[in-house]
């Protein structure tokens, strides 16, 4: 981006300006806000959703957010989804916004959360959650089909059709129609004949209006679906009148659910058999968080990226609210096992070319300097990676959510009675109830709600090593994974084990070595240990190492329609109303926890999803039941 003599930002790659020389804010209000008949159209709406093609410098989004916040009759939340192929830098945003002091507070929040230029969806919370901005970085022709509707208003604000035809294609117009709610409005500064014709063919009623500033005309349109069209539906039913959620499971999964529901002002009750919390795999001393890279940016890499970024943002929010999440995100090193693996890791970085602040390759010398240990191989370095103490994180999340915690009570049965889900103990005594129930209790979820989930245990082991001569041994300066899996909890204590690594399976050779021998083998530096203590925990994983997160299936209803549903998609299978699952996290509990919680909270609250359709489908709890249907298997549910 460069600035012209009149101060208008200009994009050399497209030979076009970002906004009218007659004023960006005035254009946003006249062309887009008034053109979509806002705020009249959001009056009386609990949630209003805007889809913008072309985020640019964010003036349209900030102007719409400011109008929403200034309206005393506004609803609960404004959602803005904005697609941008070439994200501007935070510096360019700040320079552009400095001309609009009325947007200063929103601009500061936006810039403070401005994400790295990584493909996919990035959710930003503005004005204490009154406005949620989901940035969609990438090509519009790939991003639009990945979104779930419906949307209530559309802003088309790409560069001129002659200079950027992909933003104004029939593919884009048809995708907008697919995502449109009945009566959705659309506005754009362009009045080109091809734009008018394309929108009309897609089902919009188009009007040409007087243009803004030096433009002669602009377009206002409204979606009028044909009578035969089945309208897009919300990704979830409307939120229940009583904003209460019951969570079964007091580990990393359940606490994250409580936090994300609390951000939507829901009350939460959490029940767990352990006392005190947490129990199970969440009772480990430390867990690591870092991205996953693959040369083709495979589905797993995309999911982990989303989960990683959401977790980092959620924990920073906790810390800002005065709840220490026990997170030390000052970098993490993934060290190669041998020279061949190091070369492959270097090639992966070269091919993917991620922002250096997300991931980079370091050679052996640079890796040694970062880790404070002599490393014979290089590997991946993650600036924002690190480790977390699960107990501290869980406590912070539950404190933030003001969760009512019922510990030491085992749930043996759940039942849906009237509008409530209720949990009962082994004596048949009711423990608690709420309109929405989330099962976040690992393998036990399959007992409470059978659904043909393909779960399997994966044992792990951590070894806590107390040093004989603290200060004499060289401990890692950062968390390590890969060839060495370790965290220095303090100057006296080292933690080694499979739970510290990002790999789903522990190294086969290491299984047969003791922790001290393992450390010496990997680093060449024996430790003068005073004592060792093993901490074992069993994680529950799935065959594809992806979590089960979302609305739980009604297995009995699906099996009763087995022939009909054999060719269906997972999203088409019947669900149990108000019942969700967040389990099967395996070795990536931290990466999955906030991602799954945000997905579930969005669905339960009737909001657009924070994930592309393909990614949400990949972690759908009904996917294993679908396999049963497609294979024609007949077996008891569970």
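The values are calculated or read from the model by the stated rules, or taken from the named source; none is laboratory data. The structure displayed is predicted, hence computed values, not measured ones. Note that we place each Cβ from the backbone using ideal geometry, even for glycine, and neighbour counts take in every protein chain shown.
Figures for the structure shown
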quantity	calculated
Count of segment 383-408 residues which are assigned to a helix (DSSP H, G or I) and in contact with a strand residue (DSSP E or B) (Cβ under 6 Å, 6 or more places away or on another chain)	2
Filter result for residue 451 (in a loop (DSSP other than H, G, I, E, B), modelled with pLDDT of 90 or more and more than 30 Å from residue 624 (Cβ to Cβ))	no
Some residue of segment 223-238 being in contact with a strand residue (DSSP E or B) (Cβ under 8 Å, 6 or more places away or on another chain) and at pLDDT 95 or above	yes
Scope segment 63-99; condition out of contact with any strand residue (DSSP E or B) (no Cβ under 7 Å at 6 or more places or on another chain), closer than 14 Å to residue 28 by Cβ and buried (at least 19 other Cβ atoms within 10 Å of the Cβ); matching residues	63, 66, 97
One residue from 574, 553 being surrounded by fewer than 20 Cβ atoms within 10 Å (Cβ to Cβ), at pLDDT 95 or above and either closer than 12 Å to residue 253 by Cα or under 25 Å from the mean Cα position of the chain (by Cα) (or both)	574
Count of residues meeting criterion [part of a loop (DSSP other than H, G, I, E, B) and surrounded by 12 or more Cβ atoms within 10 Å (Cβ to Cβ)] in segment 347-356	3
From the options 411, 438, residue that is surrounded by 18 or more Cβ atoms within 10 Å (Cβ to Cβ), at pLDDT 95 or above and not in a loop (DSSP other than H, G, I, E, B)	438
Strands (runs of 3 or more DSSP E) (entirely within segment 239-346) containing at least 1 residues that are at negative phi and within 19 Å of the chain's Cα centre (by Cα)	287-289
Residue in segment 416-434 that is touching a strand residue (DSSP E or B) at 6+ places or on another chain (Cβ under 8 Å), in a loop (DSSP other than H, G, I, E, B) and outside the structural domain of residue 250 (by TED's automatic domain parsing) present	no
Members of segment 367-382 that are in contact with a strand residue (DSSP E or B) (Cβ under 8 Å, 6 or more places away or on another chain) and either surrounded by fewer than 20 Cβ atoms within 10 Å (Cβ to Cβ) or part of a helix (DSSP H, G or I) (or both)	367, 370, 371
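Conditions (1) surrounded by fewer than 22 Cβ atoms within 10 Å (Cβ to Cβ); (2) modelled with pLDDT under 95, marked per residue:
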position: 135; (1), (2): no, no
position: 145; (1), (2): yes, yes
position: 157; (1), (2): no, yes
position: 165; (1), (2): yes, yes
position: 169; (1), (2): yes, yes
